[in-house]
Amino acid sequence: MSLYQMLSPYLFKLDAEKAHSWAESFIKRVMPLPLVQDYIAGKNCVVDKVLSIEVAGMRFYNPVGLAAGFDKNATMIKGLSTLGFGFLEIGTITQAPQEGNPKPRLFRHTQEQSLQNAMGFNNQGSLAISKRLKEFYPYAIPLGINIGKNKIIAQSDSLKNYENVLLDCLEVGDYFTFNLSSPNTPNLRDLQNVSFVQELFAMARTHTQKPLFLKISPDMDKDEMLKVVEMSAKSGASGIIATNTTIDYTLVQNPKQSGGISGAALKQKSKEILRILSESFFGKIVLISVGGIDSPQEAYERIKLGASLVQVYSGLVFQGPSLCKNINEGLLQCIQADGFTHLHEALGQDIKTKPKTRKKPEPEKAQDESVKDTQDSTIVIKTKPIRARNKKADSSEDAHSHTKPKSTKAPKVESKTKKTRVKKADSTNATKAKSPRTKKTQSLQDSTQALETTSQAQQDSAHDLPKE
Ligand SMILES: Cc1cc2nc3c(=O)[nH]c(=O)nc-3n(C[C@H](O)[C@H](O)[C@H](O)COP(=O)(O)O)c2cc1C
């Protein structure tokens, strides 16, 4: 049992939102301190070529991301990157700052390892948050920005409201997610319709070639969901993030009257949605699975069901901050146990009926090249200014970055000022390499460059065909 799990009965006596604020203060103030950062990153960042994957033109050193809602104002990205995430999604951000719904609005269903939240997009607004992000951009791990609508905005003005946030954040996000699926903004879910998603992605594609995602609800009518997803893909979406929280209150024993349920209670629903989406869209668009992922086995199941990437939120609350490391280490074991040599090979293995037009994913040549390129199982990290990348991305005549195959270059990532080397994990025993102090410092440098650098591969492949 981890220290966190021993302490959690006491932590869980605190009001849930207060506990989150304390965690935020710690992650924001303490975790970025040089020695602390070094220690935590050394413990949690699992770097292994077996897990490294390119999705929607972005390079992920592992497939486990932080779901939206945990870091609504992008105040914790430095600390969070030391917990070993392959990517972070911040927000939901709205154009105008807003307080969200009245408190209390976050509850634990401890028996069911689940949360119920009615937060209502409390956030500091797109200008303040994008200004904060500018200080850190570019990052070494992809950073997504989740975009929502202000509560007071009329339904008829929603498109403009989404557009304004996108424009405010365009320069500081690696990808963008349109959130039409929160149950906590009145009528937001009504925007999950074919005509709105068509307008939304068409609008967004006039501004950017960066990857764009739609985050969907688990409570949609399945036929309608398929139509909405299909139209999103046609109109420029790179992929779908499935799912947001559910309003199926039969899933917990003592539900509150409002808010969405997440965590273990959502697991089956979220998995079922992924299965349905995979059967129609695997290989056509990127699928990211979120909802009840709290173990390596669960993450692996989602990958085998067609999710190129996974995200976690509630699992962090119930399993603690080592969740990401545990998932990544466990994934290495699962991959090896199945006789695969790379995460990529497991992708979509359990989909019963795959769409006919699916292209067989290519093997990750880039991974192998990256290894050849480097010495002694190290990854060399390079960067160039993000603006160059944005220029390149946005000046392309190609309408959708995910439709244009391009570079399969090795992922060379280098710090702005000097080369750093990161010791890779030993994939044979599926554990993170125990490196001496100096190596830990280097591993730290790499993980904290999440805040300072963007991988060369990420930049070079801004227009690449998703490998998944
Ligand atoms: C307290 C809380 C706040 C959330 N806020 C957001 C949000 O602002 N935007 C969003 O897209 N999803 C939000 N979510 C949903 C999560 O991103 C995720 O989709 C959902 O919790 C299911 O994942 P999980 O079971 O791992 O928690 C929130 C979830 C929780 C628990």
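Kindly list the number of the only condition in (1) farther than 21 Å from ASN193 by Cβ; (2) away from the ligand (no atom under 12 Å from the Cβ) that fails for GLY263.
So the condition that GLY263 fails would be (2).
Restricting attention to the range 308-350, and to residues there that are β-branched (Val, Ile, Thr) and over 19 Å from GLY292 (Cβ atoms), which single residue is surrounded by the most Cβ atoms within 10 Å (Cβ to Cβ)?
Just the residues of the range 308-350 that are β-branched (Val, Ile, Thr), to begin with: 310, 312, 317, 327, 335, 341.
Applying the additional criterion that residues be over 19 Å from GLY292 (Cβ atoms) yields 335, 341.
Details: ILE335: 23, THR341: 15.
This residue is ILE335.
Kindly list, by first and then second residue, each pair from a residue in the range 272-293 that is at positive phi and of a type outside the set (Val, Ile, Thr) to a residue that is more than 16 Å from the ligand (Cβ to nearest atom) and open to solvent by 10 Å² or more (accessible area, probe 1.4 Å), limited to pairs with Cβ atoms under 8 Å and residues at least 6 apart or on different chains.
Close Cβ pairs satisfying both conditions: GLY283/LYS354; GLY283/PRO355; GLY283/THR357; GLY283/ARG358; GLY283/LYS359; GLY283/LYS360; GLY283/PRO361; GLY283/GLU468.
Step by step: first the residues of the range 304-313, then only those that are more than 15 Å from the ligand (Cβ to nearest atom) and of a type in the set (Gly, Ala, Ser), then the one that is farthest from HIS342 (Cα to Cα). Which residue is that? Working first, answer last.
Of all residues in the range 304-313, those more than 15 Å from the ligand (Cβ to nearest atom) come to 304-306, 308.
Going one step further and asking which of them are of a type in the set (Gly, Ala, Ser), we end up with 306, 308.
Details: GLY306: 15, SER308: 13 Å.
Ranking the qualifying residues of the range 304-313, first place goes to GLY306.
Scan the range 123-131 and tell me whether some residue there is at pLDDT 95 or above, assigned to a strand (DSSP E or B) and over 19 Å from LYS210 (Cβ atoms). So that I can check it myself, show each step before the final result.
Of the residues in the range 123-131, the ones at pLDDT 95 or above are 123-131.
Add one more test, that the residue is assigned to a strand (DSSP E or B), and what stays is 123.
Next, from what is left, pick out any that are over 19 Å from LYS210 (Cβ atoms): 123.
Yes, the conditions are met somewhere in the range 123-131.
So which helices (runs of 4 or more DSSP H) are wholly in the range 292-363 and hold at least 3 residues that are under 30 Å from THR82 (Cβ atoms) and within 16 Å of the chain's Cα centre (by Cα)? Before you say what the answer is, go through the steps one by one.
Numbers: elements: 296-304, 314-319, 323-337, 343-346.
Those helices (runs of 4 or more DSSP H) span 296-304, 314-319, 323-337.
Hey, can you tell me all the residues within the range 314-330 that are closer than 20 Å to TYR61 by Cβ, out of contact with any Leu (no Cβ under 6 Å at 6 or more places or on another chain) and within 11 Å of the ligand (Cβ to nearest atom)?
Listed by number, the list is empty, since nothing qualifies.
Give the residue, chosen from THR82, THR94, that is under 21 Å from the mean Cα position of the chain (by Cα), among the hydroxyl-bearing types (Ser, Thr, Tyr) and within 12 Å of the ligand (Cβ to nearest atom). Spell out how you get there, then give the answer.
Working: THR82 fails: within 12 Å of the ligand (Cβ to nearest atom).
Of THR82, THR94, the one residue that is under 21 Å from the mean Cα position of the chain (by Cα), among the hydroxyl-bearing types (Ser, Thr, Tyr) and within 12 Å of the ligand (Cβ to nearest atom) is THR94.
Within the range 58-71, is there a residue that is of a type in the set (D, E, K, R) and more than 24 Å from SER21 (Cβ to Cβ)? Outline the logic, then answer.
Just the residues of the range 58-71 that are of a type in the set (D, E, K, R), to begin with: 59, 71.
Among the residues that remain, those that are also more than 24 Å from SER21 (Cβ to Cβ) are: 59.
Within the range 58-71, one or more residues are of a type in the set (D, E, K, R) and more than 24 Å from SER21 (Cβ to Cβ).
If you go through the range 101-116 one residue at a time, how many are surrounded by fewer than 18 Cβ atoms within 10 Å (Cβ to Cβ) and either near the ligand (Cβ under 9 Å from one of its atoms) or not in a helix (DSSP H, G or I) (or both)?
As a first pass, look at the range 101-116 and keep what is surrounded by fewer than 18 Cβ atoms within 10 Å (Cβ to Cβ): 102-104, 110-111.
Checking the rest, the ones that are also either near the ligand (Cβ under 9 Å from one of its atoms) or not in a helix (DSSP H, G or I) (or both) come to 102-104.
Number of matching residues: 3.
Does the range 291-303 contain at least one residue that is away from the ligand (no atom under 12 Å from the Cβ), touching a strand residue (DSSP E or B) at 6+ places or on another chain (Cβ under 9 Å) and open to solvent by less than 10 Å² (accessible area, probe 1.4 Å)?
So far as the range 291-303 goes, yes, one or more of its residues are away from the ligand (no atom under 12 Å from the Cβ), touching a strand residue (DSSP E or B) at 6+ places or on another chain (Cβ under 9 Å) and open to solvent by less than 10 Å² (accessible area, probe 1.4 Å).
Which of the residues belonging to the range 41-61 are at pLDDT below 95 and aliphatic (A, V, I, L, M)?
Answer for the range 41-61, where residues must be at pLDDT below 95 and aliphatic (A, V, I, L, M): just ALA41.
Quick one: which of VAL165, VAL172 is within 13 Å of the ligand (Cβ to nearest atom) and surrounded by 21 or more Cβ atoms within 10 Å (Cβ to Cβ)?
Only one candidate passes the filter, namely VAL165.
Is it the case that the range 244-255 has a residue that's within 12 Å of the ligand (Cβ to nearest atom), among the hydrophobic types (A, V, I, L, M, F, W, C) and more than 19 Å from the chain's Cα centre (by Cα)?
Within the range 244-255, one or more residues are within 12 Å of the ligand (Cβ to nearest atom), among the hydrophobic types (A, V, I, L, M, F, W, C) and more than 19 Å from the chain's Cα centre (by Cα).
Within the range 274-283, is even one residue within 16 Å of the ligand (Cβ to nearest atom) and surrounded by 24 or more Cβ atoms within 10 Å (Cβ to Cβ)? Walk me through it before giving the result.
Quick first cut of the range 274-283, residues within 16 Å of the ligand (Cβ to nearest atom) only: 274, 277.
Next, from what is left, pick out any that are surrounded by 24 or more Cβ atoms within 10 Å (Cβ to Cβ): 274, 277.
Yes.
Which pairs turn up if I take residues in the range 310-329 that are within 16 Å of LEU266 (Cα to Cα) and look for partners that are modelled with pLDDT of 95 or more and part of a helix (DSSP H, G or I) with beta carbon separation below 6 Å, at least 6 apart in sequence or on another chain?
Listed pairs, sorted by first residue: VAL310/ALA299; VAL310/ARG302; GLY315/LEU323; LEU316/LEU323.
Tell me, which residue of the range 210-242 that is polar (S, T, N, Q) and within 16 Å of the ligand (Cβ to nearest atom) is surrounded by the most Cβ atoms within 10 Å (Cβ to Cβ)?
We begin by selecting, within the range 210-242, every residue polar (S, T, N, Q); these are 217, 232, 235, 238.
The next check asks that each one be within 16 Å of the ligand (Cβ to nearest atom); those that pass are 217, 232.
On the way: SER217: 22, SER232: 27.
Of everything passing the filter in the range 210-242, SER232 is surrounded by the most Cβ atoms within 10 Å (Cβ to Cβ).
The values are calculated or read from the model by the stated rules, or taken from the named source; none is laboratory data. Because the structure is predicted, anything quoted here is derived from the model rather than measured. Positions of Cβ are generated from backbone atoms using ideal geometry, with glycine treated the same way; all protein chains shown enter the neighbour counts. When the accessible area is computed, the model is the full protein with side chains, heavy atoms only, and any ligands, DNA or RNA have been set aside. Shrake-Rupley method; radii C 1.70, N 1.55, O 1.52, S 1.80 Å.
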